[in-house]
Amino acid sequence: AATHHRPLHALLGGGAVADLLLWRRRNTSAAAVAGATLFWFLFERAVYSLASVLSNAVLLLVDILFFWAKSASLLNRSVPALGPKSDVVEFGPE
């Protein structure tokens, strides 16, 4: 009874995930371990909730866009594009 042996890389799919799990790309694997450790520390040890992380990320994005827009107007550069342009219609007493 002959058994067919496949390499572990092929058993794991043979792609980028297999390279990551088998440490063929050392920098990428080390970054994945560091990122997983950071998430573990934030959520388990520091008792940081997902809502706090998301709200802080959105707040940081708003701050960056605010300072980018203000510095662009001072330095005569283009302001950040936030989406399609639309005309604002104001309703009020006539």
Checklist entry - Residues of the range 35-51 being in a helix (DSSP H, G or I), loosely packed, with under 10 Cβ neighbours inside 10 Å and either in contact with a His (Cβ under 9 Å, 6 or more places away or on another chain) or not acidic (Asp, Glu) (or both), which ones? => result 45, 50, 51
Checklist entry - Is it true that some residue in the range 42-53 is among the polar types (S, T, N, Q) and touching a Leu at 6+ places or on another chain (Cβ under 7 Å)? => result no
Checklist entry - How many residues does the range 25-74 contain that are within 30 Å of residue 14 (Cβ to Cβ) and not basic (Lys, Arg)? => result 14
Next on the checklist: Take residue 6 and tell me if it is among the charged types (D, E, K, R) and surrounded by fewer than 11 Cβ atoms within 10 Å (Cβ to Cβ).
Outcome noted: yes
Checklist entry - Considering the range 14-34 alone, what residues qualify as being among the aliphatic types (A, V, I, L, M), over 23 Å from residue 53 (Cβ atoms) and part of a helix (DSSP H, G or I)? => result 16, 17, 18, 20, 21
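Readers should treat all values here as calculations from the given coordinates under stated rules, not as data from a laboratory. Please read these numbers as outputs of a predicted model, since none were measured by experiment. So basically every Cβ, Gly included, is an ideal-geometry build from the backbone, and we count neighbours across all protein chains shown.
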